[in-house]
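These notes concern the structure reproduced below.
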Protein chains: 2
Amino acid sequence: MGEPAGVGGEIALKCWLRRGEGVPPFVLVDDPERLAELAWRLDLDVPVRTVESPERAPALFAEALPVLACPLGLKIVPGKPDPAGAGAVRRSIEAAVALVQAGRALAVVTNPIQKRTLYQAGFPFPGHTEFLAELAGIAGRSVMMLACDELRVVPVTGHVSLRRALDELTADAVVDVAAIAEAALRRDFGIARPRLAVAGLNPHAGEGGSLGPEEEEVIRPALRRLEERGIAAVGPLPPDTMFAAHLRGSYDAAVCMYHDQALIPIKAIDFDGAVNVTLGLPFVRTSPDHGTALDIAGSGRASERSLLAALHMAAAMARRRAGSAVAAGQPA
Amino acid sequence: MGEPAGVGGEIALKCWLRRGEGVPPFVLVDDPERLAELAWRLDLDVPVRTVESPERAPALFAEALPVLACPLGLKIVPGKPDPAGAGAVRRSIEAAVALVQAGRALAVVTNPIQKRTLYQAGFPFPGHTEFLAELAGIAGRSVMMLACDELRVVPVTGHVSLRRALDELTADAVVDVAAIAEAALRRDFGIARPRLAVAGLNPHAGEGGSLGPEEEEVIRPALRRLEERGIAAVGPLPPDTMFAAHLRGSYDAAVCMYHDQALIPIKAIDFDGAVNVTLGLPFVRTSPDHGTALDIAGSGRASERSLLAALHMAAAMARRRAGSAVAAGQPA
């Protein structure tokens, strides 16, 4: 569902309308009434059909949008998040995770949530990803990857101020994130020998220490440890040039030192087509690479491209995981 | 000339070869012998012609590459910068500036220099821009702008470590840089009412202070002062989205808080076509947006696109300055 006052419902309806183009069948965990009303208001020809179990979804998908009911119990106005809806938002995430954990769905694709509204309702997690990690029962680090056709990026530090990101940047963090990314590229993206490009932190990657010490003191030691583990990683690369068109094809993922170093280039290159992938969870999870877009919610102007890309990527990742499990003699 | 061991000579020769495509006539301040040898070695059909004065260049340009002699006095091997050549590199910059100051040329276009080699020879300036400011006798701030067809960016802080950039970021600096950029957009780019987009520093522009204080404490106060001065500036904008294709057309220049925030997006969008423009000098100065590329120097593989764009941009800026001077009743 995601934030019901945002564009999540609209883009999900629009994805279903493109089902003839090979969209992987999905089941929405959402409020069927609000979806039907939204389809009517936006003049989208989408028959919404409540199902009791996700196993019904694939056969139904060609003729109707299958929905597992997660009732809001109130009417949400587009653009106006209401903390009273937060319980349903949370339950829809829990229900989706329960389905993949039970093997009844192959992947979780999440629509954007409005963090402030969830906080107001007492949601105790910084965001989606941390909540999913909790539901998955994992203690270790989960890693955000953004991926489009031309580029994959993985930030080492997260949603913190730039100054705090500098303080939090350690060789351990670089090694952990790079190793998780490399493992995911093998398992979920089918790349036999992933090549990582590790960014510098400072302009020109520090110019041998004259523009900052972190490349020598943090990043190079991390690169040595990655090499010892047999992980192919080059760097520290000058951040301003490594995302240029003629260079970004030379690696499978860029390991970035801070949030915007990763997100600026990928959104400059492909805003609508980028997908957010959570690595390090026991199940496949993707999401569109945009927010709730409250300013255009309800207007019919939201682009479904990123959610569509998230659905396709989730399906491809799930197929590869299933394939490896079969190859390893486990049930798919 | 720029660094004679770099790609500067090669890309200048290649620009002259495209003279039929409306390349503005230019005169090289360089060593004629090394240029003739380079043309021969790279099999480029460029007749190099030494001239005594730049006034000869326009008439000659169709049939030969005009060069004002600035002899190196030694043979430089491509890819191997030699501090013994630094004196000539410096003299070529001084000569070019003297020509524009005397009104004998309209603009200075500089080829990339190798800073380390110049430092070894006792060059006391951090880079080209500071040397040009010294030659121009200006005490104030000069500002680097990078410009391509789709985007112009102006970093507030410069070639310093990211941590130092955080420390150096002040409202005064944001206001100064934004005001210089706005004035240049009017005078040199012919934009009657420039619109500036001012970036945040932190992820999501600080999310109201929860991801860092600088947006509230530094950038918003700067925006209020810009508004008082009648400068159209919006911000602080989330850095990761403001460079997206559908947003970058909504402003004439992005005022960025640090080097890579400005350079990552423009090089991701258009690596070869971006031009470096120095704002705040009393004369027009542009340069290609790349370095000496020692690794490919002498191979013939260097792209002249950025130097070509720098020549075109310098000519357009000089025409506008001359036009405004004429309009203001001054000699062009």
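The values are calculated or read from the model by the stated rules, or taken from the named source; none is laboratory data. If you're wondering where the values come from, they're calculated on a predicted model, not measured in any experiment. No Cβ is skipped: glycine too gets one built from the backbone with ideal geometry, and neighbour counts run over all protein chains shown. For accessibility, only protein heavy atoms count, side chains too; no ligands or nucleic acids. Shrake-Rupley method; radii C 1.70, N 1.55, O 1.52, S 1.80 Å.
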Pick out the one residue from B:252, B:270 that is acidic (Asp, Glu), under 29 Å from residue B:23 (Cα atoms) and at the interface with chain A (Cβ under 9 Å from one of its Cβ atoms). B:270
Residues of the range B:233-250 being in contact (Cβ under 8 Å) with a residue 40 or more places away in the chain and more than 18 Å from residue A:260 (Cβ to Cβ), in sequence order, are B:233, B:249, B:250
Residues that are within 11 Å of chain B (Cβ to nearest Cβ) and part of a loop (DSSP other than H, G, I, E, B): does the range A:278-287 have at least one? no
Single match in B:99, B:72 (criterion: surrounded by 15 or more Cβ atoms within 10 Å (Cβ to Cβ) and outside any helix (DSSP H, G or I)): B:72
Taking only the range B:137-181 into account, find how many residues are open to solvent by 10 Å² or more (accessible area, probe 1.4 Å), away from every other protein chain (no Cβ under 14 Å) and within 21 Å of residue B:220 (Cβ to Cβ). 6
Please count how many residues of the range A:205-219 are small (Gly, Ala, Ser) and facing chain B (nearest Cβ under 8 Å). 2
So which of B:113, B:93, B:138 is out of contact with any Lys or Arg (no Cβ under 6 Å at 6 or more places or on another chain), within 29 Å of residue B:302 (Cβ to Cβ) and in a loop (DSSP other than H, G, I, E, B)? B:113
Mind listing just one residue for me: the one in the range A:231-246 that is out of contact with any strand residue (DSSP E or B) (no Cβ under 8 Å at 6 or more places or on another chain) and either facing chain B (nearest Cβ under 8 Å) or under 15 Å from residue A:174 (Cα atoms) (or both) and, of those, most open to solvent (accessible area, probe 1.4 Å)? A:246
Does the range A:147-156 contain at least one residue that is hydrophobic (A, V, I, L, M, F, W, C) and free of Cβ contacts under 8 Å to residues at least 60 places away in the same chain? no
Quick check, is residue B:150 under 30 Å from residue A:208 (Cβ atoms) and of a type in the set (D, E, K, R)? no
Restricting to the range B:184-204, and then to whatever is open to solvent by 10 Å² or more (accessible area, probe 1.4 Å), free of Cβ contacts under 8 Å to residues at least 60 places away in the same chain and more than 14 Å from every other protein chain (Cβ to nearest Cβ), can you tell me which residue is farthest from residue B:219 (Cα to Cα)? B:192
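Listed residues A:71, A:54, A:66; which is more than 18 Å from residue A:109 (Cα to Cα) and touching a residue at least 24 places away in the same chain (Cβ under 8 Å)? If you could, list the steps in order and put the result at the bottom.
Details: A:54 fails: more than 18 Å from residue A:109 (Cα to Cα); A:66 fails: more than 18 Å from residue A:109 (Cα to Cα).
None of the other options fit; the residue is A:71.
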Do we have residue A:216 as touching a helix residue (DSSP H, G or I) at 6+ places or on another chain (Cβ under 7 Å), acidic (Asp, Glu), closer than 30 Å to residue B:158 by Cβ and open to solvent by 20 Å² or more (accessible area, probe 1.4 Å) here? yes
Taking the range A:13-35 and keeping residues more than 22 Å from the chain's Cα centre (by Cα), aliphatic (A, V, I, L, M) and open to solvent by less than 50 Å² (accessible area, probe 1.4 Å) leaves A:35
